[in-house]
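Structure record follows, encoded as structure tokens.
The values are calculated or read from the model by the stated rules, or taken from the named source; none is laboratory data. What you see is a predicted model; the values in this text were computed from it and never measured. Note that each Cβ is placed from the backbone with ideal geometry, even for glycine, and that neighbours are counted across all protein chains shown.
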Amino acid sequence: MTSRSPRAGARPGFLRGTRPFLLLGVVVALAVGACAGSSTRGSAVAKVSDATDAPATATPATPMTTPATGTPTTLPATPTPAPLPFPVTLTDDEGTAVTIPARPTRIVSLTPAVTETLFALGAGDRLIANGDFDDYPAQVGELPHVATYMGVDIEKIVGLTPDLVIAGGNDFNSPDAIAKLRAVGIPVVVVYADSVDAILADIRLVGTSVGAVPESEALTAWMRDRIDAIAAAAATSTPARVFYELDATNEIYGPAPKSFIASMVELAGGDPITTGDPAIFAIPLEKLIAADPQVIVLGDAAYGMTPAAVAGRPGWGGMTAVKAGAVRPVEDTIVTRPGPRIVEGLRALALAIDPTASLPEVGSPPPVAAP
């Protein structure tokens, strides 16, 4: 998989968790529709082969602190499914049935979001290799790298004898590489999230894949609680037309409709300005001027973009956001990486849209059992 010149319909690198194309002036071309994952959303309720489902157990009601007020409250008891026995057959986000014979102990992650998710679920000690674009948590840099922006090293993966590979869909990782890994008998689960709800579903799917069902249920319940609290607080702000800038090195890149970034902007209290086509992440300047954003959020701030630079661009000075000084940077990775830290990203995005908003703190995720 090689880098190509940007064009309308190109899939920007935010789907890879970081965007070096901002420095290189290139992006990876979109090979399949941006909504490919929406109609085949992976099932986190797996079918168990040759085994009997263990009965679900209930998580007792536990006191916790409401982030907005600091007042102790009690969440109702919720059923927590017992860990599924193996072998297990599940359906991934591309609609492929994947059988995992036993609890994986040698896992390869091919996306930064999956890598973060594995550590958040307490399965990071079972990760044996990842991509060279992974950067969180810090210890992932010590692992062997089997994927780059140029492609997947199939021979290296096979040599590591993994019992599970988790890859990115929507051409994040080469479909050909995924097919070759499956051809030699390695189970490959493909994930692709096109909304915030789908991100939570993918965390549960990963949990099922690695035998961490209770951990994934607890994590996504915690995330949903925080997401809902932040979204409710952000909804009290005056709505604004928001353009989330992914890159403007050559063409202008922003969210496509029905993408999880557009979903994040909506939850953060904004009316997202999108490209208008689910398969296209580039937007013409004329269209952006006509949409007249009231707030511009700079996802490319980490790569040197500043409000002053935006104001100096030809044609941008007449936009309401520029005239009002409402061009604001944000930490892009936590906003656009579809993993556990989107809770932090949603809060940061809501504050970029309305710096005066009173939002609950995120707090710490539930602890996981020691490996």
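Descriptive notes on the structure:
- Each residue in the range 91-106 was checked for being under 25 Å from THR148 (Cβ atoms) and more than 19 Å from the chain's Cα centre (by Cα), and 4 pass.
- ALA102 passes every criterion in (1) small (Gly, Ala, Ser); (2) part of a loop (DSSP other than H, G, I, E, B); (3) under 22 Å from ALA193 (Cα atoms) apart from (3).
- Among (1) under 22 Å from ALA350 (Cα atoms); (2) in contact (Cβ under 8 Å) with a residue 40 or more places away in the chain, the one test that GLY207 misses: (1)
- Verdict on GLU286 being out of contact with any Gly (no Cβ under 7 Å at 6 or more places or on another chain), surrounded by fewer than 24 Cβ atoms within 10 Å (Cβ to Cβ) and under 19 Å from SER263 (Cα atoms): no
- The condition of being in a helix (DSSP H, G or I), at pLDDT 95 or above and outside the structural domain of ARG337 (by TED's automatic domain parsing) does not hold for ILE128.
- Across the range 291-301, a minimum of one residue is classified as more than 18 Å from the chain's Cα centre (by Cα), at positive phi and at pLDDT 95 or above.
- Residue in the range 329-343 that is small (Gly, Ala, Ser) and part of a helix (DSSP H, G or I) present: no
- The residues listed here are ALA102, ALA113; of these, the one that is hydrophobic (A, V, I, L, M, F, W, C), buried (at least 24 other Cβ atoms within 10 Å of the Cβ) and modelled with pLDDT of 95 or more is ALA113.
- Scope the range 111-165; condition among the acidic types (Asp, Glu), farther than 20 Å from PRO101 by Cα and in contact (Cβ under 8 Å) with a residue 60 or more places away in the chain; matching residues: GLU116, ASP134, ASP135
- ARG313 being within 28 Å of THR117 (Cβ to Cβ) and basic (Lys, Arg): no
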